[in-house]
Amino acid sequence: MKLRQLRFRQQYPDFIYHSYEILPTKDNITLRYHFEIPGLCDFHPQTSIDIRNLPFLRAADDEYAQRLAFLLGMTECVSYFKAVLPERLIVHCGGLCEEEIRWWKKLYFNGLGEFLYRNGIEAAEDELIQIEAAAPQGFAAPFMPQWRFDALTPVGGGKDSAVTATLLRNAGKTVRYFTVNDQKARTDTVLAAGGSEEQMVRTHRTIDPALLTLNRQGFLNGHTPFSAIVAFLSAYCALLIGAGDIVLSNESSANESNIEGLTVNHQYSKSYEFERDFSDYLAKYAGVPIRYFSLLRPFNELQIAKMFAALPQYHPVFRSCNAGSKKNVWCAACPKCLFVYCILSPFLPKEKLDAIFGKCMLDDLSLLEDFKGLCGLSAVKPFECVGTTTEVCCALAMTLEQAKKTGAPLPALLRYFEEHAPNTKPDPALLAARNTQNLVPEEYRSCVKEMYRYVSQS
């Protein structure tokens with residue numbers, strides 16, 4: 001379906017970003033936004049930041065904080081804009097230059113790539129949206145850096161952020177841990193890393209119920225670039241508490257498309273391309289010299305899995321299943337659970353993996369279609385934060401080789417892999433690989449070297 005054929009777009013051609021508010025109290029800072037689709041609906045989403053344990057160095061509403069709060073609103077718009085895919089985004093509460101407008105159009109287009117694909121919508125980047133905004137006014141005073149901590153690191157509760165937290169601790173970095181909509185696994189990960197709850201920057205983001213009503217009524221719905229929201233919200237928090245770096249846990253694998261032959265990436269806002277673009281944006285247009293980079297970008301998922309397997313303190317507490325997140329469980333029935341099981345399978349005993357997930361996931365034939373996607377035996381990789389097909393196949397080939405040595409019966413999916421990918425062999429080069437396309441600063445290179453030494457040894 002062509003973009004111009006969308007009934008909602010014709011009926012509701014405009015989306016207005018009216019204003020934002022910064023509302024501090026003694027316990028919280030609330031960022032509240034006011035959006036409108038004229039003739040249809042108003043939206044008032046908000047995000048709160050728990051400040052009870054935070055030593056602030058800057059006012060929540062100084063001109064640099066206001067700029068980041070406004071830009072966070074530009075990212076929040078995506079969730080509401082997508083309901084009708086209007087032609088124009090009209091901004092009433094902040095300025096954007098032409099280069100910034102191109103930046104936002106790129107984020108909207110790529111960040112909604114999966115959404116467009118799954119809704120059967122054909123669109124080009126230059127036609128998806130037009131953005132109208134006044135010219136930016138600049139800052140009244142030069143930015144004066146005030147850094148109290150080395151790093152603010154987002155913690156999702158999965159294996160990747162656990163590895164990053166460990167590397168930062170081992171390097172002696174002063175760290176604060178950032179969460180969005182905190183869940184038990186995230187707090188448990190911080191504690192397992194040697195941190196404390198007092199070192200956590202907790203934020204809570206709410207969706208306006210009006211959007212959920214539109215979804216039920218049949219308006220457009222789907223995936224948005226959530227990690228871009230995390231980027232701007234973490235930058236706002238880093239500015240206020242005085243953290244000079246935002247240290248992510250995104251691996252090189254996040255750059256791969258989910259659809260064979262197309263550039264549709266579920267993880268676009270975790271990709272190196274977005275990381276580089278966002279880092280440049282902070283410096284050029286937000287006026288804030290906070291560095292934004294992934295400590296794990298030099299590594300692939302197989303290497304991260306091997307490192308994580310050597311950190312038993314996290315094994316009882318880590319979680320990265322979206323379906324089971326609210327109950328702090330692995331659902332053991334989704335592509336994400338299956339991927340984590342597969343990628344860890346060469347490095348943890350089967351008994352331990354089965355105990356973590358509650359069963360042998362490689363023996364569940366109901367997951368065959370997801371399994372085929374993960375292995376590249378079908379054209380569509382599951383729309384989840386998962387590794388490349390090459391990494392998954394290498395992990396399974398290693399697990400298959402180990403199973404054959406023991407003579408144990410093969411689980412059903414591993415047997416399927418043996419039959420349908422008979423030429424796949426373990427590739428030691430993947431564990432020795434180093435991705436040079438990264439933004440890791442020199443003073444964090446000791447973390448990279450520490451991990452590389454471990455994962456590259458046989």
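The values are calculated or read from the model by the stated rules, or taken from the named source; none is laboratory data. Owing to the predicted nature of the structure, the values given are computational and were not obtained by experimental measurement. Here the Cβ is made from the backbone with ideal geometry for all residues, glycine too, and neighbour counts use every protein chain on show. Quick note on the areas: whole protein, heavy atoms, side chains included, nothing else; ligands and nucleic acids left out. Shrake-Rupley method; radii C 1.70, N 1.55, O 1.52, S 1.80 Å.
Test Ile51 against the criterion of being more than 15 Å from Cys93 (Cβ to Cβ) and surrounded by 22 or more Cβ atoms within 10 Å (Cβ to Cβ), and give yes or no. Taking the combined requirement at face value, the residue does not satisfy it. Listed by first and then second residue, the pairs with beta-carbon distance under 8 Å, at least 6 apart or on different chains, first residue in segment 157-171 and within 20 Å of Lys270 (Cα to Cα), second aromatic (Phe, Trp, Tyr) and in a loop (DSSP other than H, G, I, E, B), are Gly157/Phe318; Gly158/Phe318; Lys159/Phe318; Ala162/Phe318.
When the residues of segment 259-283 are filtered to those that are of a type in the set (D, E, K, R) and modelled with pLDDT of 95 or more, the one that is least open to solvent (accessible area, probe 1.4 Å) is Glu275.
Among the residues making up segment 234-254, a single one is under 28 Å from Ile121 (Cβ atoms) and either touching a Leu at 6+ places or on another chain (Cβ under 8 Å) or assigned to a loop (DSSP other than H, G, I, E, B) (or both): Asn250. Taking segment 71-153 as the region of interest, the helices (runs of 4 or more DSSP H) fully inside it that hold 2 or more residues being under 19 Å from the mean Cα position of the chain (by Cα) and at pLDDT 95 or above are 98-111. On the basis of being touching a Pro at 6+ places or on another chain (Cβ under 9 Å) and more than 20 Å from Ala310 (Cβ to Cβ), does Gln402 make the cut? Here the answer is no, as Gln402 does not meet what is asked. Residues in segment 1-39 that are open to solvent by 50 Å² or more (accessible area, probe 1.4 Å) and aliphatic (A, V, I, L, M): Met1, Leu23. Listed conditions (1) out of contact with any helix residue (DSSP H, G or I) (no Cβ under 6 Å at 6 or more places or on another chain); (2) surrounded by fewer than 23 Cβ atoms within 10 Å (Cβ to Cβ); (3) at pLDDT 95 or above are all met by Ala323, apart from (3). Within segment 303-316, the only residue that satisfies the criterion of being hydrophobic (A, V, I, L, M, F, W, C), part of a loop (DSSP other than H, G, I, E, B) and open to solvent by less than 30 Å² (accessible area, probe 1.4 Å) is Leu311. Pairs meeting the criteria (first residue in segment 23-46 and hydroxyl-bearing (Ser, Thr, Tyr), second residue modelled with pLDDT of 95 or more and not in a loop (DSSP other than H, G, I, E, B), beta carbons under 6 Å, at least 6 apart or on different chains) are Thr30/Leu23; Thr30/Gln46; Thr30/Ser48; Tyr33/Tyr20; Tyr33/Gly73; Tyr33/Glu76.
Considered as a group, the residues in segment 154-172 that are part of a loop (DSSP other than H, G, I, E, B) and among the hydrophobic types (A, V, I, L, M, F, W, C) include one that is surrounded by the most Cβ atoms within 10 Å (Cβ to Cβ), and that residue is Val155.
Right, Val380: within 32 Å of the chain's Cα centre (by Cα), open to solvent by less than 10 Å² (accessible area, probe 1.4 Å) and touching a residue at least 24 places away in the same chain (Cβ under 8 Å) or not? No; evaluated as a whole, the condition is false for this residue. Being polar (S, T, N, Q), surrounded by fewer than 20 Cβ atoms within 10 Å (Cβ to Cβ) and out of contact with any strand residue (DSSP E or B) (no Cβ under 7 Å at 6 or more places or on another chain) is the requirement here; does Ser345 meet it? Considered against the rule, which asks whether it is polar (S, T, N, Q), surrounded by fewer than 20 Cβ atoms within 10 Å (Cβ to Cβ) and out of contact with any strand residue (DSSP E or B) (no Cβ under 7 Å at 6 or more places or on another chain), Ser345 comes out as no. If you go through segment 204-236 and keep only what is farther than 22 Å from Phe383 by Cβ, surrounded by fewer than 22 Cβ atoms within 10 Å (Cβ to Cβ) and in contact with a strand residue (DSSP E or B) (Cβ under 9 Å, 6 or more places away or on another chain), you end up with His204, Thr206, Asp208, Ala210, Thr213. Per this entry, Glu256 is counted among residues that are open to solvent by 20 Å² or more (accessible area, probe 1.4 Å) and at pLDDT below 95. For beta carbons closer than 6 Å, sequence separation of 6+ or different chains, a first residue in segment 179-198 that is over 26 Å from Phe232 (Cβ atoms) and modelled with pLDDT of 95 or more and a second that is β-branched (Val, Ile, Thr) and not in a helix (DSSP H, G or I), the qualifying pairs are Asp188/Val317; Ala192/Val317.
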